Every structure is written in structure tokens, then in C-alpha cells.
1. Consider S446 carefully, then state whether it is in a loop (DSSP other than H, G, I, E, B) and either surrounded by 14 or more Cβ atoms within 10 Å (Cβ to Cβ) or modelled with pLDDT of 95 or more (or both).
2. Give just the number: which of (1) part of a helix (DSSP H, G or I); (2) surrounded by fewer than 21 Cβ atoms within 10 Å (Cβ to Cβ) does H329 not satisfy?
3. Hey, among L50, L44, which residue is at pLDDT below 95, among the hydrophobic types (A, V, I, L, M, F, W, C) and touching a strand residue (DSSP E or B) at 6+ places or on another chain (Cβ under 6 Å)?
4. Quick one: would you say D140 is modelled with pLDDT under 95, over 28 Å from I34 (Cβ atoms) and out of contact with any helix residue (DSSP H, G or I) (no Cβ under 6 Å at 6 or more places or on another chain)?
5. Only one of V212, V229 is surrounded by 13 or more Cβ atoms within 10 Å (Cβ to Cβ), of a type in the set (A, V, I, L, M) and assigned to a helix (DSSP H, G or I). Can you tell me which?
6. Within the range 59-81, count every residue that is without any contact (Cβ under 8 Å) to a residue 40 or more places away in the chain and either part of a loop (DSSP other than H, G, I, E, B) or within 26 Å of A180 (Cβ to Cβ) (or both).
7. Determine the pairs where a residue that is under 15 Å from Y48 (Cα atoms), located within the range 155-172, has a partner that is part of a helix (DSSP H, G or I) with Cβ atoms under 7 Å apart, the partner being 6 or more residues away or on another chain.
8. For the range 82-157, which fully contained helices (runs of 4 or more DSSP H) count at least 1 residues that are out of contact with any Ser or Thr (no Cβ under 6 Å at 6 or more places or on another chain) and within 16 Å of T60 (Cα to Cα)?
Amino acid sequence: MAKKNVTFTQFVSDLQKGSTEEDIKNGYARHFGIRYDTAAKHDLYTPYVLFEFKLDKNFTNLRTRATVVAQILYYIRRLKFSFTEKPIPPILCLADKNEAILTETTKWRNFYSETDGIYDWDLAPSNPDLNLINDIFQTDELRNLHIYNILESQDYTLFAERLHIILAGQEAFHVIEKKAITEDNFEEVYEYWNKIFGESVRNGLKTSRYFVCDIQQGRTIYIASESKVFFDFGGGDGRTKKILAKDYEFFWKTFEKVTNPAIIRGILAKIDRLTDEAMRRFHGEFFTPVAFAKKGLEYVEKTVGHQWWIRGNVRLWDMAAGTGNLEYHLPTEALQYTYLSTLYKEDAEHLGKLFPTSTIFQYDYLNDDIGNIFAQDMLPFGITWKLPEQLRRDLANPEIEWIILINPPFATSQTAGTTSGKSSKSDVSDTHIRKLMHGQNLGEVSRELFAQFLFRIKYEFAHKNAHLGLFSTLKYINANNDQKFRDAIFQFGFERGFVFSSANFSGTKKATAFLVGFLIWNLQTTQHIETQNIALDVFNTDVEKIDLKTIVSEHRDRF
């Protein structure tokens, strides 16, 4: 139970001396005996109370109050939808050096649980969505919040007594908010579940099978008096396992069962990944961090349409898929409309295990089928195709819309060599595409694999309804040496995008960090980059939107 460590007078004195939010937090932690837990970058966390501290905000002002509530709801949403072992506290405490508010978390459920994209949850909590603030401002819940004047002894006593009871776990709550299990966080939830219950269920069946059964509503029966759980796998197959009651009860007080069949289908489609650690962790080389790849998929949906795969006439192709990082968070329903090609056989085999319903093939995008694609150039290549027949049919179908999702390599003839652990040519940029580009007098840019990929993409998707989602550095937008590339190849219409630091990539250092962008371009629009307003969202390491950056591109001839 929390203990009051200093007197009321001393508490007030400490707060009034405070000059920062950190001072206010320290004063509360000392006074109420709260152990520090700020691992998720929230102000102060306990299983019963989540705190949000300010210096001197005047909570009697409704707009101020709405803003602080909005800020703390960002943390509650993370606790609900992002993985952490921490339960969602039933009480929120907003406090500054003069006032404090206690409110039940579930009163704000309609805001933090929304999944329709009403609010921009990418923003940092310190800069919440104005629409969220405005909607909270309109609620009766906000107006009816009781504000404790902690400088006044009687009000302080009421506040302190209730907070002590809550922190001690002695206050009963009618509704406890539980954490969601989703297709995006189920792997981490499984690791947590397996750590607690794995030894109890092992008997020849995969542990993950018990997990999927347990998370579904109505598929398990908990026999509390015997500390046993019956797992109903369906089809008359069921097993009873002895499980420590207090652990099982705590887990299901923290998480909510899955009732959405689509989520279960998505988890089942990916569940085999849980048996191979190597398949779920992409380390080494310059692989796109999965968290930012996921954000890229969200931006694609904003551009081509929500749940684009439902339309049935949209195809996605990643010509440099590698280990599948960019597609890792694609929903199961989208995989059947996805083409993934890679230079290496071992990558293709890996992708086949991760994305069994996608079309996977080993393919050299810069050398294979070039004579067929650029037939009018009369290059002496064979007429056989390496592209899958269905992909060729889709490319020829004017009704098909395209998403090109790619993080192309950046090697040049002077720097490219063997990729770690994989066989390669001694000069990977000396390709058939390079010869074509050289023939068009594109100069030095023809040596870059990045430019070579874009050269073929521009030609192959000419006159098609196509969007290019491109992870890359930003040099192609504003580097002087890339002017010829911009003039001859890259003349597409900018749609939207974001930037983040290269320090998020494995093997890179903060000291030498540079900007990496994910920009979406409309290939049907012909427009010089220099004439466009390229405004990009800026994300920090925690994938929080913290700023807006405008990228200026000036034509080299103007200098």
C-alpha cells in the first residue's frame, strides 16, 4: 500500500518550488510512495493509475483540460493496441502544482478505442490531434470532472485518501479496460503467453496451437477450483491442462478475448512464423525497419484507398522483396494480390514460407526479360519469359491498378559487391538496364542500381494506373548529381510521404545518420519534381509524428 512519506505542508511546499513537470512528478512519487515506471515514456505508471503531470496548467479552463485528457489518451491507446505486458490502469490522474483530477479510464473509451482513422494517432502525445481535443471539449464527461485544489487542506485530504485507496488496489471498478490482441501485436502477446504457460501445455502439440485456441472467445473452459483449462480445438479434439490459476486469471484480466473472425484468420495465416525466430526478426544489411514499413502500408492505404485489396483489381509488386520486411504487416486478405520477387533463391524460399498465398519468384529485375520489355530497341535477347504468366496477364490488363512497393538497392559499379552470406556477381550494377540507360546518354546515373530500377519501372508501368511507394534516401529529389535522372526519368506526381532517421536501420549509427524517406508517387502524372510542393511528415524513433518537413528541389541550371 502506498504510504504518505511527507506532510501535507511539505508536499505543497515541494510542488510550489517545482519549476518543471519533472519536479511535479517527483513530488507526487515521493509523497504517495509510487515506484518509478516510465518505460513507455509516459509520466508515471502503476497498474491502477496512469499519471499525466503538468507544471501549471489551470485545469478549470475547459480547453486546457481537454488537451491534457487527449495527451493521456495517446498513452492509453498504446497500452491497449501496442504490446506491453502492462495492464491498462482503470484510473487516470491529471495533476499540476495546484490541481489534480481523477477520472475512470473507460469513460473515454469511445476516443482511444476508435479504429476508423478519425484521429491522427501517429502524433506525439505532447501534440495531440486537434480534432480529438475538440471532440473531448464537447463532452459532458469533461465538464463534469471534479477538480481537486490540492493547495487547500480539505480538498487535498479527499484527493489523497482516494488516491491511496486506488493505488492499494482497494477500489472496486465496474468496468476494467482490457488490452486488445490483434494481427499486428499477436506475436509479442504469444511470447508473453508462452513465457507464462508454455511449460504447462507442452505435450507434442505446438504451443502456438494452444495459444490460438485460448485467445478465442468460447474455445476454452477455465476450471478455477482445479486450476485447469480445457482447450477445445474443434472436431472433437480437446485437451485439459493444469495451469497456475493466479497467472491465468491475471492474463485474462489484462487481455480481452478475440471475437472478430477476421483477426483469428489473420493470426492463423501467420502463426507458423512463431516457430522460427529467424523468420520474424530481420537483422543485418539495410533492411527497412518493420515499424516504418508498417507505417508505409498505412500511407499506401491513405493514397489508393482503405482496404484496397477488397476491390479485387489492385495488385502490389515488390521487385526487391528480400526478406519481406515491407510486406510483413500486409493483412492476410491482401497477400493473394501480391507479387514478390527477389534476386536470391534463399530469399524466395523464405518469402514462400512467410507469404504462402502470394506469388513468389526468383527474378533479376535489371537483367531478366529486358529484351521482351524493351522490344522496340531490338536488343539481341531471347523471347522466352521469366515473369510468371499471371503477372504478365495482369500487366496487360488495363483494369488492374498497381502498387509498386520497393526499397531498391543503392550499389554502384564502384561499390557493389557480394551481399553478406549470398552469392553475387562481382559487379552487380553492370546490368542490361545499365546498357540501355548508357545508350540514352544518361551518364553517371546509369551506374546506380536505384536509378536502374526506376528506369525499368517507368517504362514497364507507362500509361498504367500505378502508384510507386519508395523507401530511399532523398538524394534523387535534390542532389545536383541526380539532375539528369530527374530530367529524364523521375517526373512523377508526389502524393504523400514521411521521413525518419537512418539510425533506425540495423548497423547504422546516430553519428552518421541521414534522412530516409517513404514517398508515394503517381506514375500517371508527369510533373517535374522542382515544380512540386513536397511536404513530408517527420517521425521519430518511436514512430511518432513530430514535425512537417518541406523538401526543396532546385534545378541545377539555376545555380
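The values are calculated or read from the model by the stated rules, or taken from the named source; none is laboratory data. Everything numeric here is computed off the predicted structure, so don't read it as measured data. Cβ atoms come from the backbone with ideal geometry, glycine included; neighbour counts cover every protein chain shown.
1. It is false that S446 is in a loop (DSSP other than H, G, I, E, B) and either surrounded by 14 or more Cβ atoms within 10 Å (Cβ to Cβ) or modelled with pLDDT of 95 or more (or both).
2. For H329, the exception is condition (1).
3. That would be L44, the only listed residue that is at pLDDT below 95, among the hydrophobic types (A, V, I, L, M, F, W, C) and touching a strand residue (DSSP E or B) at 6+ places or on another chain (Cβ under 6 Å).
4. no
5. V212
6. Total meeting the criteria: 3.
7. Going by the 7 Å Cβ cut-off, the qualifying pairs are E171/I165.
8. In the range 82-157, the matching helices (runs of 4 or more DSSP H) lie at 130-137, 140-143.
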